Amino acid sequence: MIPKPLRTLATGAAIFLGSVAALNITLSIAIGGFRYATELKLRKDALPCGVCRGKGYYICKLCKGNATIKWSPLYDPIAVNPCLCPTCDGNRVQRCLNCLGKGYS
Ligand SMILES: [Zn+2]
Ligand SMILES: [Zn+2]
């Protein structure tokens with residue numbers, strides 16, 4: 001049997017914690033919505049990035065979309081090794097450096 005004052009305190013604490021959690025969730029949803037709205041507005045107002053044409057990425061400039069680069073330590077055409085492109089890690093595309101992958105500037 002829990003004494004009454006203690007139980008009231010526990011209930012109060014539970015309600016308090018519950019409302020704090022609810023407030024946090026509401027706040028994060030509100031902030032998320034606000035960020036989304038800001039993002040949409042930015043997207044609408046801003047011009048699409050001219051470098052990547054609004055895609056946010058473009059074909060890797062180093063490997064030209066081949067995912068590998070021909071690299072030779074001795075500039076010997078016989079010993080040319082295809083290496084995984086260090087810029088795109090074999091993804092063939094690299095993030096646009098002009099708009100940082102957002103697609104607009
Ligand atoms: Zn590459
Ligand atoms: Zn861009």
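Only the coordinates and a few stated rules stand behind these numbers; no lab work does. Please read all numbers here as calculations on a predicted model, not as lab measurements. No Cβ is skipped: glycine too gets one built from the backbone with ideal geometry, and neighbour counts run over all protein chains shown.
Values computed for the structure shown
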quantity	calculated
Backbone HN-Hα couplings from phi across region 59-69 [Karplus 6.51/-1.76/1.60, Hz, Gly and Pro as x]	4, 3, 6, 6, 9, 6, x, 8, 6, 10, 10
Projected label distance in nm at ASN66 and THR38, using a 7 Å step from Cα toward the beta-carbon	4.4
Mean Cα-pair separation over length for the chain, i.e. relative contact order, pairs under 8 Å, 6 or more apart, %	28
log₁₀ of I(q)/I(0) at q = 0.17, 0.27, 0.29 Å⁻¹ - region 1-45, Debye sum with one point per alpha carbon	-0.61, -0.86, -0.90
Where trypsin sites (Lys or Arg not before Pro) fall in DSSP loop in region 1-85, at most 13 other Cβ within 10 Å	ARG53, LYS61, LYS64
Spatial separation of Cα centroids for region 1-59 and region 85-105, in angstrom	29
Residues whose placed amide H lies under 5 Å from that of VAL93, excluding near-sequence neighbours	CYS60
Rounded to 10°, Cα long-axis angle of helix 4-45 versus longest principal axis of the chain	30
